[in-house]
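Asks: Would you mind keeping the following structure in view while I ask a few things?
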Amino acid sequence: MLSRTADQIYWTARYVERAEFLARILEATLRLSSLPSNYGGAGTEWDSAVLTSGCASAFYKAHPYADEHNVREFLAFSPDNPSSIRNCLAIARTNARAVRTALTVEMWDALNGAWLELRQFDSKKMGREDFARFLDWVKNVSLTFDGSAYRTMLRNDAYWFSRLGVGIERADNTARILDVKYHVLLPETEQVGGSLDYFQWTTILREVSAHTAYHWVYRQSVQPWLVADLLILNRQMPRSLAASYDTIVRHLDLIADAYGRRGPSQRQARAMLDKLAAAKIDGIFQSGLHEFITDFLRDNSRVGATIAEQYLI
Amino acid sequence: MAAFDEMGLGNGAVRPAYRALKAWLDSAPSELLDLRRSQAEHFFRRVGITFAVYGDTQDTERLIPFDIIPRIITAGEWAILRKGLEQRVNALNAFLRDVYGPRECIRAGIIPAELVDRNPFYRVEMIGRKVPHDIYVHISGIDIVRVDADTFYVLEDNARTPSGVSYMLENREVMMRLFPELFAEHRIAPVDNYPDALLATLRSVAPEAGRRNPNVVLLTPGQYNSAFYEHSFLADKLGVELVEGSDLYVRDDVVYMRTTEGPQRVDVIYRRIDDDFLDPLTFRPDSALGVPGLMNAYLAGNVTLANAVGTGVCDDKAVYSYMPEIVKFFSGEEPILKNVPTWRCREPEALSYVLDHLPELVVKEVNGSGGYGMLVGPHATQQQIQSFRKKLKHDPAGFIAQPTLALSTCPTFAASGIAPRHVDLRPFVLSGADGIRCVPGGLTRVALKEGSLVVNSSQGGGTKDTWVLDA
């Protein structure tokens, strides 16, 4: 297939995934901020949402401080934030439009329909309830798009590149949450914050929609190191780093088999997965959770760049 | 001047081809028709059939209004049109071969040399060059208007990159979904084999020394082009890659496309970008849409461009005025399809007649298209007429004039109910190495404003499904 087509499919998938991720962050933050102040973590939850979204420098250039109003506006609707939910969906739709013939009608419908409906949401008049409905709607768009891809696409390179987009973006998003929140997962903070941190931990779980999954996997109350284990190493948990790399490696291998040629992206991704498979959460804590996450973010974007070099340009 | 209504509205007698449709329209409850109209609009919006209007910043994607009342052409009428179209397109190809080759028609005095040589679309790069299979115009859209029961005129020839065929196909698709009962009652010639015919045509013109399985691509300027929807629709139906200039590159006079599996050779390019933008090394150096070196590959005979470079000469309205003679010169036959009588303002006698009769004439720029830059005398204000008078005196050769034709009308949904509106017809004619293909019908465009004669979508025109009834 055309490199540009593959590139646009890949980015369409990434932007839809990113829109959903932003919706989850906003949803979890709203929940956290509505708790009485001594449960919520000192009113810094909106700063934390901005940091997690990865657009802190643009945000603080436009706003002196973070509060519900301006973070909601910036992350969800702002035309000035290239990664606002609105822009993510618009860019995804623009990309999809350019490669419409490579997508199924259902996938196009999901994005084009979303783009048409998006105009109806007026952020100026939006109360909390309407905003919550908007976030639900965003998650639904992503589910519909992803579900359409899964159920209707031919299993060929177009599908595999879309899965790579989802994998790389998910790995990046989950790692960002950990990057911002790692300190509340460290063992010593338990003494500092005590059980008040429980709400921070559950917020993290909600951001990756794993609040229920946690209990099924570990069958015990929420413990910070297990939250880290779930998000980093658990291959059953769809948004964990390890599961993301399962996806990336599998689809890179399918592409390599179909094209009859392996390259640097296959090798790099396999090395990432091997590292995650061999790691134990204790070891990660011992050698430094923050360093681990920082390295991961760097390596993940390097894999993304290698995929682009090998196939997309 | 009462226009000829194709259904026969206004003079009491419904024409036979329209009887069943008229009966159905009379019996269908108005709520049902309203529902079907909104379903049609919903369908078009959902599948994303939109077009962009240049200079319109508010809403860059708009729907072309679709009217659910079909336009009907009988088998007998189509048979004549079909023969006339084939004759005309063969003549266009012969004419282009000639003006880039021996120039016999110029030497024979059929057409003045300066109309060719000074034509902005005449490409000196093509002089003395051979194009694959000697075909220049592979895809053409010949605009036809009708003035009475027996008279069809060619209004203009579109030999560059005519658009609209996706509407022909999608209009039919929508009609078949919404009105299955009408399709059961009529024997309507299908149009959905158009993409197949187009692909066969494109494959037939691959370079002679080419490969057994030629790689055909469709070259688009990109998604901000007004016809992008059509480009992507056609690429999908053809099963060929939709490429942008940056997807292609030329090495050693061979065109390749960049794919995830490395470079892949390209044999035939159905290009939907204008000559000017094809190759920044030959034409406009500022073009970011084209492919550097493409012209060299083309002139080396390693790739076929459809349509060929330089076909725009035929779109010129002054050249158009010579088409009857051109047809006769190359085919030795009388033209089956007539031209609209045309005054060439470059000729002093014609100019003085035109200047004296501006309020009753239609004046067009010889290189205009899309309904821009024209004067419709009877509908113009004094001021517009004065300003055209100045333009005409300043540059007579830049204009032609025609009588204001009473274009035929077809019943159409209007705010006031069903009312006659003027229509034209754009059939799409394909010329391959193995002959002419033309699916029955074409795109019917309708001027939605009462009395308006301008059917262009950029000027508020709409479209209709076009039925050619099988005898």
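Asks: When A:Ala66 is evaluated against the numbered criteria (1) assigned to a loop (DSSP other than H, G, I, E, B); (2) aliphatic (A, V, I, L, M); (3) within 12 Å of chain B (Cβ to nearest Cβ), which criterion, by number, is the only one it fails?
Replies: Against the list (1) assigned to a loop (DSSP other than H, G, I, E, B); (2) aliphatic (A, V, I, L, M); (3) within 12 Å of chain B (Cβ to nearest Cβ), A:Ala66 comes up short only on (3).
Asks: Given the options A:Arg262, A:Arg270, name the one that is within 14 Å of another protein chain (Cβ to nearest Cβ) and either open to solvent by 40 Å² or more (accessible area, probe 1.4 Å) or touching a Ser or Thr at 6+ places or on another chain (Cβ under 6 Å) (or both).
Replies: On the way: A:Arg270 fails: within 14 Å of another protein chain (Cβ to nearest Cβ).
After applying the criteria, what remains is A:Arg262.
Asks: Can you tell which of B:Tyr249, B:Tyr229, B:Tyr224, B:Tyr256 is of a type in the set (Phe, Trp, Tyr), outside any strand (DSSP E or B), farther than 20 Å from B:Asn307 by Cβ and open to solvent by 20 Å² or more (accessible area, probe 1.4 Å)? Outline the logic, then answer.
Replies: Numbers: B:Tyr249 fails: outside any strand (DSSP E or B); B:Tyr229 fails: open to solvent by 20 Å² or more (accessible area, probe 1.4 Å); B:Tyr256 fails: outside any strand (DSSP E or B).
Going through B:Tyr249, B:Tyr229, B:Tyr224, B:Tyr256 in turn, the sole match is B:Tyr224.
Asks: Further question: Since A:Pro82 meets every condition but one in (1) farther than 30 Å from B:Val243 by Cα; (2) open to solvent by 30 Å² or more (accessible area, probe 1.4 Å); (3) not in a helix (DSSP H, G or I), which condition does it not meet?
Replies: The one condition A:Pro82 does not meet is (1).
Asks: What pairs can you find where one residue is in the stretch A:153-167 and more than 13 Å from chain B (Cβ to nearest Cβ), the other is open to solvent by 20 Å² or more (accessible area, probe 1.4 Å) and modelled with pLDDT under 95, and their Cβ atoms are less than 6 Å apart, with a gap of 6+ or different chains?
Replies: A:Met153/A:Thr104
Asks: Here's something else I'd like to know. Among (1) in a loop (DSSP other than H, G, I, E, B); (2) within 14 Å of chain A (Cβ to nearest Cβ), which single condition is B:Pro285 missing?
Replies: Condition not satisfied by B:Pro285: (2).
Asks: Out of all the residues in the stretch B:405-417, is one or more farther than 30 Å from B:Pro190 by Cβ and surrounded by 15 or more Cβ atoms within 10 Å (Cβ to Cβ)?
Replies: Start the filter on the stretch B:405-417 by keeping residues that are farther than 30 Å from B:Pro190 by Cβ, which leaves B:405-406, B:415-417.
Keeping just the survivors that are surrounded by 15 or more Cβ atoms within 10 Å (Cβ to Cβ) gives B:405-406.
Checked the stretch B:405-417: at least one residue is farther than 30 Å from B:Pro190 by Cβ and surrounded by 15 or more Cβ atoms within 10 Å (Cβ to Cβ).
Asks: Now for a separate question. Can you tell me which of A:Ala19, A:Ala92, A:Ala23 is assigned to a helix (DSSP H, G or I), under 23 Å from A:Ala149 (Cβ atoms), within 14 Å of chain B (Cβ to nearest Cβ) and out of contact with any strand residue (DSSP E or B) (no Cβ under 7 Å at 6 or more places or on another chain)? Working first, answer last.
Replies: Details: A:Ala19 fails: within 14 Å of chain B (Cβ to nearest Cβ); A:Ala23 fails: within 14 Å of chain B (Cβ to nearest Cβ).
That would be A:Ala92, the only listed residue that is assigned to a helix (DSSP H, G or I), under 23 Å from A:Ala149 (Cβ atoms), within 14 Å of chain B (Cβ to nearest Cβ) and out of contact with any strand residue (DSSP E or B) (no Cβ under 7 Å at 6 or more places or on another chain).
Asks: Considering only the stretch B:200-215, I want to know if a residue exists there that is open to solvent by 40 Å² or more (accessible area, probe 1.4 Å), away from chain A (no Cβ under 14 Å), outside any loop (DSSP other than H, G, I, E, B) and over 27 Å from B:Met323 (Cβ atoms).
Replies: Yes, some residue in the stretch B:200-215 is open to solvent by 40 Å² or more (accessible area, probe 1.4 Å), away from chain A (no Cβ under 14 Å), outside any loop (DSSP other than H, G, I, E, B) and over 27 Å from B:Met323 (Cβ atoms).
Asks: Continuing with this model, one more query. Inside the stretch B:179-193, can you point out the residues that are out of contact with any strand residue (DSSP E or B) (no Cβ under 7 Å at 6 or more places or on another chain) and either in a helix (DSSP H, G or I) or among the hydrophobic types (A, V, I, L, M, F, W, C) (or both)? If you could, list the steps in order and put the result at the bottom.
Replies: Initial filter on the stretch B:179-193 (out of contact with any strand residue (DSSP E or B) (no Cβ under 7 Å at 6 or more places or on another chain)): B:179-185, B:190-193.
Residues satisfying the conditions are B:Phe179, B:Pro180, B:Glu181, B:Leu182, B:Phe183, B:Ala184, B:Glu185, B:Val191.
Asks: Tell me, which helices (runs of 4 or more DSSP H) wholly within the stretch A:231-309 include 1 or more residues that are in contact with a Gly (Cβ under 8 Å, 6 or more places away or on another chain) and among the aromatic types (Phe, Trp, Tyr)? Steps first, please.
Replies: Details: elements: A:241-259, A:264-278, A:281-287, A:289-307.
Filter on the stretch A:231-309 gives A:241-259.
Asks: Then there is this: Residue by residue through the stretch B:221-239, note down the ones that are within 15 Å of B:Leu198 (Cβ to Cβ), facing chain A (nearest Cβ under 9 Å) and of a type in the set (A, V, I, L, M, F, W, C).
Replies: Listed by number, the residues that qualify are B:Phe233, B:Ala235.
Asks: Being closer than 18 Å to A:Leu30 by Cβ and either surrounded by fewer than 21 Cβ atoms within 10 Å (Cβ to Cβ) or of a type in the set (Lys, Arg) (or both) narrows it down to one of A:Glu73, A:Glu106, so name that one.
Replies: Values: A:Glu106 fails: closer than 18 Å to A:Leu30 by Cβ.
That would be A:Glu73, the only listed residue that is closer than 18 Å to A:Leu30 by Cβ and either surrounded by fewer than 21 Cβ atoms within 10 Å (Cβ to Cβ) or of a type in the set (Lys, Arg) (or both).
Asks: To continue, here is another question. Identify, please: which residue in the stretch B:259-279 is buried (at least 20 other Cβ atoms within 10 Å of the Cβ) and not in a strand (DSSP E or B) and is, among those, farthest from the other protein chains (Cβ to nearest Cβ)? Break it down stepwise before answering.
Replies: Here is the first cut: in the stretch B:259-279, the residues buried (at least 20 other Cβ atoms within 10 Å of the Cβ) are B:260, B:266-273, B:275, B:278-279.
Remaining after also requiring not in a strand (DSSP E or B): B:260, B:266-267, B:272-273, B:275, B:278-279.
Values: B:Thr260: 5, B:Val266: 11, B:Asp267: 16, B:Arg272: 14, B:Ile273: 15, B:Asp275: 24, B:Leu278: 19, B:Asp279: 19 Å.
Step by step, filter the stretch B:259-279, then rank; the result is B:Asp275.
Asks: Oh, and also: If A:Trp115 satisfies all but one of (1) open to solvent by 40 Å² or more (accessible area, probe 1.4 Å); (2) of a type outside the set (Ser, Thr, Tyr); (3) away from every other protein chain (no Cβ under 14 Å); (4) assigned to a helix (DSSP H, G or I), what's the number of the condition it fails?
Replies: (3)
Asks: Hey, could you check the stretch B:173-187 for residues that are touching a residue at least 40 places away in the same chain (Cβ under 8 Å) and open to solvent by 30 Å² or more (accessible area, probe 1.4 Å) and say which is nearest to the other protein chains (Cβ to nearest Cβ)? Quick ask: steps written out before the conclusion?
Replies: From the stretch B:173-187, those touching a residue at least 40 places away in the same chain (Cβ under 8 Å) are B:174-175, B:177-179, B:181-182, B:185-187; that's our starting set.
Now narrow it down to the ones that are open to solvent by 30 Å² or more (accessible area, probe 1.4 Å): B:177, B:181, B:185, B:187.
Numbers: B:Arg177: 14, B:Glu181: 26, B:Glu185: 30, B:Arg187: 30 Å.
Applying the filter and picking the extreme gives B:Arg177.
Asks: Is the stretch B:452-470 home to any residue that is on the phi > 0 side of the Ramachandran plot and not in a strand (DSSP E or B)? Working first, answer last.
Replies: Keep residues of the stretch B:452-470 that are on the phi > 0 side of the Ramachandran plot, which gives B:460.
Okay, now just the ones that are also not in a strand (DSSP E or B), so B:460.
Yes.
Asks: Taking the stretch B:298-341 as the search range and keeping residues that are in contact with a strand residue (DSSP E or B) (Cβ under 7 Å, 6 or more places away or on another chain) and assigned to a loop (DSSP other than H, G, I, E, B), which one is surrounded by the most Cβ atoms within 10 Å (Cβ to Cβ)? Working first, answer last.
Replies: As a first pass, look at the stretch B:298-341 and keep what is in contact with a strand residue (DSSP E or B) (Cβ under 7 Å, 6 or more places away or on another chain): B:298, B:302-307, B:314-315, B:317-318, B:320-321, B:323-324, B:337-341.
Of the ones still in play, those that are also assigned to a loop (DSSP other than H, G, I, E, B) are B:302-303, B:307, B:321, B:337, B:340-341.
Working: B:Asn302: 20, B:Val303: 28, B:Asn307: 26, B:Ser321: 23, B:Leu337: 19, B:Val340: 17, B:Pro341: 11.
Going through the qualifying residues, I end up with B:Val303.
Asks: What residue, among those in the stretch A:1-16 that are aliphatic (A, V, I, L, M) and not in a loop (DSSP other than H, G, I, E, B), is nearest to A:Tyr150 (Cα to Cα)?
Replies: Keep residues of the stretch A:1-16 that are aliphatic (A, V, I, L, M), which gives A:1-2, A:6, A:9, A:13, A:16.
In the following step, the residues that additionally are not in a loop (DSSP other than H, G, I, E, B) were identified as A:2, A:6, A:9, A:13, A:16.
Values: A:Leu2: 21, A:Ala6: 17, A:Ile9: 14, A:Ala13: 12, A:Val16: 14 Å.
Filtering the stretch A:1-16 for residues that are aliphatic (A, V, I, L, M) and not in a loop (DSSP other than H, G, I, E, B), the one nearest to A:Tyr150 (Cα to Cα) comes out as A:Ala13.
Asks: Sticking with this structure for a sec: Look through A:Phe134, A:Phe145, A:Phe161 and report the one residue that is within 20 Å of the chain's Cα centre (by Cα) and either over 30 Å from B:His231 (Cα atoms) or among the charged types (D, E, K, R) (or both).
Replies: Details: A:Phe145 fails: either over 30 Å from B:His231 (Cα atoms) or among the charged types (D, E, K, R) (or both); A:Phe161 fails: either over 30 Å from B:His231 (Cα atoms) or among the charged types (D, E, K, R) (or both).
It is A:Phe134.
Asks: Given the condition open to solvent by less than 20 Å² (accessible area, probe 1.4 Å) and away from chain B (no Cβ under 14 Å), answer yes or no: does some residue in the stretch A:35-44 qualify? Please lay out each step first, then the result.
Replies: Quick first cut of the stretch A:35-44, residues open to solvent by less than 20 Å² (accessible area, probe 1.4 Å) only: A:40.
Next, from what is left, pick out any that are away from chain B (no Cβ under 14 Å): A:40.
Scanning the stretch A:35-44 turns up at least one residue that is open to solvent by less than 20 Å² (accessible area, probe 1.4 Å) and away from chain B (no Cβ under 14 Å).
Asks: Moving on to the next point. Does A:Ala13 meet the test of being within 30 Å of B:Gly262 (Cα to Cα) and under 15 Å from the mean Cα position of the chain (by Cα)? I'd like the intermediate steps shown before the answer.
Replies: On the way: within 30 Å of B:Gly262 (Cα to Cα): yes; under 15 Å from the mean Cα position of the chain (by Cα): yes.
When the stated conditions are applied, A:Ala13 passes them.
Asks: Quick one: would you say B:Pro292 is over 30 Å from A:Ala256 (Cβ atoms), open to solvent by less than 40 Å² (accessible area, probe 1.4 Å) and not in a helix (DSSP H, G or I)?
Replies: Working: over 30 Å from A:Ala256 (Cβ atoms): yes; open to solvent by less than 40 Å² (accessible area, probe 1.4 Å): no; not in a helix (DSSP H, G or I): yes.
The answer is no for B:Pro292.
Asks: Tally time: how many residues in the stretch A:201-223 are of a type outside the set (Phe, Trp, Tyr), buried (at least 23 other Cβ atoms within 10 Å of the Cβ) and in a helix (DSSP H, G or I)?
Replies: Number of matching residues: 3.
Asks: Show the residue pairs that are 6+ apart or on different chains and have beta-carbon atoms under 8 Å apart, the first residue being within the stretch A:67-91 and under 15 Å from A:Gly127 (Cα atoms), the second being in a loop (DSSP other than H, G, I, E, B) and not hydrophobic (A, V, I, L, M, F, W, C).
Replies: The qualifying pairs are A:Asn70/A:His63; A:Ala76/A:Ser84; A:Phe77/A:Ser84.
Asks: I would also like to ask the following. Restricting to the stretch A:95-110, and then to whatever is more than 10 Å from chain B (Cβ to nearest Cβ), of a type outside the set (Gly, Ala, Ser) and part of a helix (DSSP H, G or I), can you tell me which residue is nearest to B:Tyr224 (Cα to Cα)?
Replies: Restricting to residues being more than 10 Å from chain B (Cβ to nearest Cβ), of a type outside the set (Gly, Ala, Ser) and part of a helix (DSSP H, G or I), the top hit is A:Met107.
Asks: Please verify whether the stretch B:305-314 includes one or more residues that are modelled with pLDDT under 95 and within 30 Å of B:Asp150 (Cβ to Cβ).
Replies: yes
The values are calculated or read from the model by the stated rules, or taken from the named source; none is laboratory data. In this text the structure is predicted, and so the values were computed from the model without any measurement. We place every Cβ from the backbone using ideal geometry, glycine too, and count neighbours over all the protein chains shown. Heads up: the accessible areas ignore ligands, DNA and RNA and are worked out on the full protein's heavy atoms, side chains in. Shrake-Rupley method; radii C 1.70, N 1.55, O 1.52, S 1.80 Å.
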